[in-house]
Amino acid sequence: ESISYLKNEYYTEQELLQLELLDFAVRESERLHPAAYVLMRVAAEDIELEGYKIKSGTKVFVAPSVSHRIDSVFEHPDQYKPDRYKNNKQYMDDQFRLITFGGGPHKCLGINFARLEIKIAMTRLLANFDMELISKPKLRRGAHTSWPESPCIIKYKRKTIMS
(Lines give C-alpha, C1' and ligand atoms only; values in the text may rest on other atoms or scores of the structure.)
Protein backbone atom coordinates (compact mmCIF):
# COMPACT_ATOMS: atom_id res chain seq x y z
CA GLU A 1 0.00 0.00 0.00
CA SER A 2 1.19 3.48 -0.70
CA ILE A 3 2.54 5.28 2.35
CA SER A 4 1.55 8.58 0.73
CA TYR A 5 -2.03 8.05 1.92
CA LEU A 6 -0.80 7.99 5.51
CA LYS A 7 0.51 11.54 5.20
CA ASN A 8 -2.82 13.10 4.23
CA GLU A 9 -4.59 15.28 6.75
CA TYR A 10 -7.96 14.34 5.26
CA TYR A 11 -8.95 11.16 3.48
CA THR A 12 -11.48 10.46 0.80
CA GLU A 13 -13.56 7.32 1.07
CA GLN A 14 -11.78 6.02 -2.05
CA GLU A 15 -8.35 6.51 -0.44
CA LEU A 16 -9.43 4.61 2.67
CA LEU A 17 -10.86 1.79 0.56
CA GLN A 18 -7.47 1.43 -1.15
CA LEU A 19 -5.86 0.59 2.19
CA GLU A 20 -6.80 -3.05 1.74
CA LEU A 21 -4.13 -4.52 4.05
CA LEU A 22 -5.25 -2.22 6.86
CA ASP A 23 -8.83 -3.39 6.29
CA PHE A 24 -7.68 -7.02 6.59
CA ALA A 25 -5.82 -6.17 9.82
CA VAL A 26 -8.94 -4.48 11.25
CA ARG A 27 -11.12 -7.49 10.38
CA GLU A 28 -8.62 -9.94 11.87
CA SER A 29 -8.33 -7.88 15.06
CA GLU A 30 -12.13 -7.77 15.20
CA ARG A 31 -12.23 -11.56 14.80
CA LEU A 32 -9.75 -12.27 17.58
CA HIS A 33 -10.98 -9.56 19.96
CA PRO A 34 -14.67 -8.88 19.29
CA ALA A 35 -16.11 -5.89 21.14
CA ALA A 36 -19.44 -7.62 21.77
CA TYR A 37 -19.04 -10.58 24.12
CA VAL A 38 -22.44 -12.03 23.22
CA LEU A 39 -25.22 -11.61 20.66
CA MET A 40 -28.77 -12.47 21.59
CA ARG A 41 -31.71 -13.31 19.35
CA VAL A 42 -35.15 -14.81 19.88
CA ALA A 43 -36.11 -17.73 17.65
CA ALA A 44 -39.03 -16.58 15.47
CA GLU A 45 -40.04 -20.17 14.67
CA ASP A 46 -39.19 -23.73 15.70
CA ILE A 47 -35.75 -24.69 14.42
CA GLU A 48 -33.83 -27.95 14.32
CA LEU A 49 -30.09 -27.49 13.93
CA GLU A 50 -27.66 -30.40 13.94
CA GLY A 51 -30.01 -32.51 16.08
CA TYR A 52 -30.87 -29.69 18.53
CA LYS A 53 -34.44 -28.46 18.70
CA ILE A 54 -35.00 -24.79 19.43
CA LYS A 55 -38.59 -23.75 20.09
CA SER A 56 -40.09 -20.51 18.86
CA GLY A 57 -39.60 -17.76 21.46
CA THR A 58 -36.42 -19.28 22.89
CA LYS A 59 -33.59 -16.83 23.56
CA VAL A 60 -30.47 -17.88 21.67
CA PHE A 61 -27.04 -16.54 22.63
CA VAL A 62 -23.96 -16.59 20.41
CA ALA A 63 -20.45 -15.68 21.58
CA PRO A 64 -18.36 -14.25 18.72
CA SER A 65 -15.14 -14.94 20.64
CA VAL A 66 -16.02 -18.65 20.52
CA SER A 67 -17.53 -18.69 17.01
CA HIS A 68 -14.51 -16.89 15.56
CA ARG A 69 -12.20 -19.64 16.82
CA ILE A 70 -13.90 -22.64 15.25
CA ASP A 71 -11.25 -24.29 13.08
CA SER A 72 -13.74 -25.54 10.50
CA VAL A 73 -14.73 -21.89 9.93
CA PHE A 74 -11.32 -20.17 10.32
CA GLU A 75 -8.19 -22.11 9.44
CA HIS A 76 -5.62 -21.76 12.26
CA PRO A 77 -8.16 -19.78 14.33
CA ASP A 78 -5.82 -18.78 17.16
CA GLN A 79 -3.29 -17.18 14.83
CA TYR A 80 -3.35 -13.54 13.80
CA LYS A 81 -3.46 -13.85 9.99
CA PRO A 82 -4.81 -10.72 8.26
CA ASP A 83 -3.88 -12.23 4.89
CA ARG A 84 -6.64 -14.84 5.34
CA TYR A 85 -9.00 -12.25 3.78
CA LYS A 86 -6.84 -11.53 0.73
CA ASN A 87 -8.25 -13.09 -2.45
CA ASN A 88 -10.67 -15.14 -0.35
CA LYS A 89 -14.28 -14.36 -1.23
CA GLN A 90 -15.68 -16.85 1.29
CA TYR A 91 -14.18 -14.86 4.17
CA MET A 92 -15.24 -11.51 2.74
CA ASP A 93 -18.75 -12.39 1.53
CA ASP A 94 -20.08 -14.85 4.12
CA GLN A 95 -22.63 -12.91 6.21
CA PHE A 96 -22.34 -15.36 9.13
CA ARG A 97 -18.57 -15.96 9.33
CA LEU A 98 -17.35 -12.76 11.02
CA ILE A 99 -20.16 -11.88 13.43
CA THR A 100 -18.74 -9.21 15.74
CA PHE A 101 -21.43 -6.82 14.46
CA GLY A 102 -24.08 -9.54 14.11
CA GLY A 103 -24.87 -11.56 11.01
CA GLY A 104 -27.20 -11.70 8.03
CA PRO A 105 -30.04 -9.18 7.82
CA HIS A 106 -29.57 -8.20 11.49
CA LYS A 107 -25.96 -7.08 11.05
CA CYS A 108 -25.29 -3.68 12.61
CA LEU A 109 -25.90 -0.82 10.18
CA GLY A 110 -22.85 0.99 11.54
CA ILE A 111 -20.32 -1.73 10.68
CA ASN A 112 -18.76 0.08 7.71
CA PHE A 113 -18.72 3.41 9.55
CA ALA A 114 -16.99 1.77 12.54
CA ARG A 115 -14.35 0.18 10.32
CA LEU A 116 -13.73 3.50 8.53
CA GLU A 117 -13.31 5.25 11.89
CA ILE A 118 -10.75 2.65 12.95
CA LYS A 119 -8.86 3.00 9.66
CA ILE A 120 -8.76 6.79 9.98
CA ALA A 121 -7.47 6.59 13.56
CA MET A 122 -4.85 4.00 12.63
CA THR A 123 -3.57 5.91 9.61
CA ARG A 124 -3.24 9.10 11.67
CA LEU A 125 -1.39 7.30 14.47
CA LEU A 126 0.91 5.37 12.12
CA ALA A 127 1.70 8.49 10.11
CA ASN A 128 2.60 10.62 13.12
CA PHE A 129 4.00 8.33 15.81
CA ASP A 130 6.45 5.52 16.41
CA MET A 131 4.80 3.30 19.00
CA GLU A 132 5.99 0.51 21.25
CA LEU A 133 3.83 -1.67 23.47
CA ILE A 134 5.33 -1.61 26.97
CA SER A 135 2.82 -3.73 28.89
CA LYS A 136 0.76 -6.47 27.30
CA PRO A 137 -2.95 -5.63 27.62
CA LYS A 138 -5.12 -7.93 29.71
CA LEU A 139 -8.76 -8.13 28.67
CA ARG A 140 -11.47 -7.71 31.27
CA ARG A 141 -13.90 -10.61 31.21
CA GLY A 142 -17.54 -10.59 32.16
CA ALA A 143 -20.92 -9.34 31.11
CA HIS A 144 -19.80 -6.20 29.30
CA THR A 145 -17.99 -5.06 26.20
CA SER A 146 -14.36 -6.22 26.09
CA TRP A 147 -11.81 -3.51 26.87
CA PRO A 148 -8.26 -3.83 28.12
CA GLU A 149 -7.75 -3.49 31.85
CA SER A 150 -5.84 -0.40 32.87
CA PRO A 151 -3.04 0.30 32.60
CA CYS A 152 -2.10 -0.62 29.05
CA ILE A 153 1.14 1.27 28.57
CA ILE A 154 2.29 2.37 25.11
CA LYS A 155 5.45 4.37 24.51
CA TYR A 156 5.08 6.79 21.62
CA LYS A 157 7.27 9.37 19.98
CA ARG A 158 6.19 11.88 17.34
CA LYS A 159 7.79 11.18 13.98
CA THR A 160 9.82 13.81 12.21
CA ILE A 161 8.20 14.05 8.79
CA MET A 162 10.36 15.32 5.95
CA SER A 163 8.61 17.32 3.23
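The values are calculated or read from the model by the stated rules, or taken from the named source; none is laboratory data. The shown structure was predicted, so the numbers you read here are calculated from the model rather than taken from an experiment. Reconstructed Cβ throughout: ideal geometry from the backbone, glycine too, with neighbour counts over all protein chains shown. Accessible surface is based on the protein model in full, side chains and every heavy atom, while ligands, DNA and RNA are left aside. Shrake-Rupley method; radii C 1.70, N 1.55, O 1.52, S 1.80 Å.
Descriptive notes on the structure:
- In this entry, Asp130 is excluded by the filter for residues that are of a type in the set (Asp, Glu), assigned to a helix (DSSP H, G or I) and exposed (fewer than 14 other Cβ atoms within 10 Å of the Cβ).
- Looking only at segment 114-124, and only at residues there that are open to solvent by 70 Å² or more (accessible area, probe 1.4 Å) and without any contact (Cβ under 8 Å) to a residue 24 or more places away in the chain, the one that is farthest from Ser72 (Cα to Cα): Arg124
- Pairs meeting the criteria (first residue in segment 92-107 and within 18 Å of Phe24 (Cα to Cα) and touching a residue at least 12 places away in the same chain (Cβ under 8 Å), second residue of a type in the set (S, T, N, Q) and surrounded by fewer than 12 Cβ atoms within 10 Å (Cβ to Cβ), beta carbons under 9 Å, at least 6 apart or on different chains) are Arg97/Gln90.
- From the options Tyr85, Tyr52, residue that is in contact (Cβ under 8 Å) with a residue 12 or more places away in the chain and farther than 18 Å from Leu139 by Cα: Tyr85
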